[in-house]
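Reviewing the structure listed below.
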Amino acid sequence: MLPLRGCHRRLVCLRGVTTASSLPLLPTATTTSMAAPPSHSHPASSAGSAPKRIRTMATDAAATGAAVSPGCSEMKAEFAKHAEYLNTLNDKRERLVKASRDVTMNSKKVIFQVHRISKSNKEEVLAKAENDLAVVVNQYIGKLVKELQGTDFWKLRRAYTFGVQEYVEAATFCRFCKTGTLLSLAEINDSLLELGDKSAEPLQINVLDYILGVADLSGELMRLAIGRISDGEVEYAKNICAFVRDIYRELTLVVPLMDDNSEMKKKMETMLQSVVKIENGITSLMPNSIKFRPDSLFMTFI
């Protein structure tokens, strides 16, 4: 009888021989195919193949060997002239955008200067504001005039319209604070006649830019009225309120006649809000001196 340890060793040896001899070896090809699936790459993308050529179109007839039409040289000259004109126009547009930005910035400075007005320094503040406005006209509006000789100011209006609107706002704001009246479009255009060449068509601010600038004026007048109310100048605030009402009333008749009035409609809503703010400021100080007119949306102060 064999010991238990010896039986265990023989059993292990028998099992190892049976397992190794009974299992068949797998073919080499099958093992390789299971380890790495076959590649589906295109034969043209294998190493050493020539890269794809980029397709180009030759515009020169001599390079392509094609027949040249009799008017080819005239056609090239014609399109070269058009390209030169468009490049010149784009360069001028870029200069106008910069000049318009300068007009906008310096016109805002004039408006800020007028807002410093009070009972004691009215003459001094308005004199400085008028001097600053003259600088805007001579230096910055003058650049627009030199660039916009002839009919270019109609083609390139979008490049400088915001600067012109800001200038109209500043000029009309100064005029109202000085005389209590509205600066007209004819007066503004007359002041620009001396800036340009008399032999060419002068720069004329069009009606649309003028109306848009006057519409923006209501916001500055509202701020001025609130400031005067805080200083106790209620009568001056009443005059401002009546002036803004008149502008709003007249523009309500003009806006429906405008072709492109989407921007103007937004400004009309802002103008109505300015009128309401001025009225609320006045009524907060004198609530017993108001009566409503049945034919108007606005109040009447007595």
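The values are calculated or read from the model by the stated rules, or taken from the named source; none is laboratory data. Note that the structure is a prediction, hence the values are computed from the model and not measured. Neighbour counts run over all protein chains shown; Cβ positions are idealised from the backbone, glycine included. Keep in mind that these areas ignore ligands, DNA and RNA; they rest on the heavy atoms of the full protein, side chains included. Shrake-Rupley method; radii C 1.70, N 1.55, O 1.52, S 1.80 Å.
Within region 233-268, can you find the residues that are surrounded by fewer than 18 Cβ atoms within 10 Å (Cβ to Cβ), of a type in the set (Gly, Ala, Ser) and under 13 Å from ILE282 (Cβ atoms)?
The answer is ALA242, and nothing else.
So that you can scan it fast, the table gives a plain yes or no per residue for (1) at pLDDT below 95; (2) surrounded by fewer than 17 Cβ atoms within 10 Å (Cβ to Cβ); (3) in contact with a Lys or Arg (Cβ under 9 Å, 6 or more places away or on another chain):
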site	(1), (2), (3)
LYS146	yes, yes, no
GLY150	yes, yes, no
ALA170	no, no, yes
THR179	yes, yes, no
ASP197	yes, yes, yes
ASP209	yes, no, yes
ASP231	yes, yes, yes
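Just for region 127-136: of the residues that are surrounded by fewer than 19 Cβ atoms within 10 Å (Cβ to Cβ) and not charged (D, E, K, R), which one is nearest to SER191 (Cα to Cα)?
Among residues in region 127-136 that are surrounded by fewer than 19 Cβ atoms within 10 Å (Cβ to Cβ) and not charged (D, E, K, R), the one nearest to SER191 (Cα to Cα) is ALA134.
Before we move on, is ARG101 assigned by the TED database to the domain that holds THR172, more than 16 Å from GLU169 (Cα to Cα), touching a residue at least 60 places away in the same chain (Cβ under 8 Å) and assigned to a helix (DSSP H, G or I)?
No; evaluated as a whole, the condition is false for this residue.
Among (1) out of contact with any Phe, Trp or Tyr (no Cβ under 9 Å at 6 or more places or on another chain); (2) not in a loop (DSSP other than H, G, I, E, B), which single condition is ASP197 missing?
All conditions are met except number (2).
Inside region 181-195, can you point out the residues that are polar (S, T, N, Q) and either open to solvent by 60 Å² or more (accessible area, probe 1.4 Å) or in contact with a strand residue (DSSP E or B) (Cβ under 7 Å, 6 or more places away or on another chain) (or both)?
THR181
Take the residues of region 268-302 that are at pLDDT 90 or above and of a type in the set (D, E, K, R): which is nearest to ASP216 (Cα to Cα)?
Selected residue: GLU269.
For region 239-254, indicate whether the set of residues that are in a helix (DSSP H, G or I) and among the polar types (S, T, N, Q) is non-empty.
Checking region 239-254: at least one residue is in a helix (DSSP H, G or I) and among the polar types (S, T, N, Q).
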